[in-house]
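See structure below.
Where a number appears in this text, it was derived from the coordinates with a stated rule and is not lab data. Fair warning: this is a prediction, and the values are worked out from it, not measured in the lab. We place every Cβ from the backbone using ideal geometry, glycine too, and count neighbours over all the protein chains shown.
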Amino acid sequence: MFVGVARIVLQIPGARSLKDRRRVVKGLKDRARAKLPVSIAEIGDLERWQVATLGVSVVSNDSARCSEVLSHMASLAGSAHDALVADVATEIVSFGAGGAGIRGGIEQALDRGAFSDGGFDFPAEADDE
């Protein structure tokens with residue numbers, strides 16, 4: 001399993017208020033969600049009128065697919081007529097086959113014997129030592 005993340009910083013030179021900025025950001029987020037299999041959120045300083053930072057994530061079983069989707073996202077942001085891309089940073093993280101590298105998941109529940117008789121037994125208390 002691979003998780004790709006991107007931070008895209010936009011300059012919005014025409015924004016004269018937070019309302020202008022939100023309009024531009026919302027439009028880009030809506031276009032991204034309609035065209036790409038991504039999760040996208042505005043992050044960072046939310047009070048600056050002419051700068052917006054977006055966080056984008058994608059999950060795939062192929063790192064090349066993550067890279068491709070993030071590249072398309074950067075291109076989509078670059079094609080926005082009312083914003084300029086100031087910076088793009090990406091990273092792709094591997095979690096092993098089927099996400100086996102994630103700690104605290106179902107594998108630990110199986111090791112504790114949480115699944116018995118076909119049902120799920122919730123542990124009484126987790127040890128926080």
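Note on R7 and F95: their simple-model spin labels are 2.1 nm apart, each label 7 Å out from Cα toward Cβ. For the pair V51 and S75 in one chain, pulling the backbone fully straight at 0.36 nm per residue adds 6.8 nm over the alpha carbon distance. The label-point distance for I43 and A86, in a model that sets each label 7 Å from Cα toward Cβ, rounds to 1.6 nm. For the range 36-81, applying the loop criterion from DSSP together with a ceiling of 13 other beta carbons within 10 Å to the GluC sites (Glu not before Pro) yields E47. Rounded, prolate or oblate: which one fits the range 2-98, using the alpha carbon gyration tensor with axes a ≥ b ≥ c (rounded when a/c is under 1.5, else prolate when a/b beats b/c, else oblate)? Since a/c reaches 1.5 and a/b is larger than b/c, the shape of the range 2-98 is classed as prolate. Among the trypsin sites (Lys or Arg not before Pro) within the range 20-75, which fall in a DSSP loop and have no more than 16 other Cβ atoms within 10 Å of their own Cβ? Filter output for the range 20-75: R48.
Take I92, I8 and order them by how many other Cβ atoms sit within 10 Å, fewest up front.
Details: I92 17, I8 26.
Least to most surrounded, the residues fall as I92, I8.
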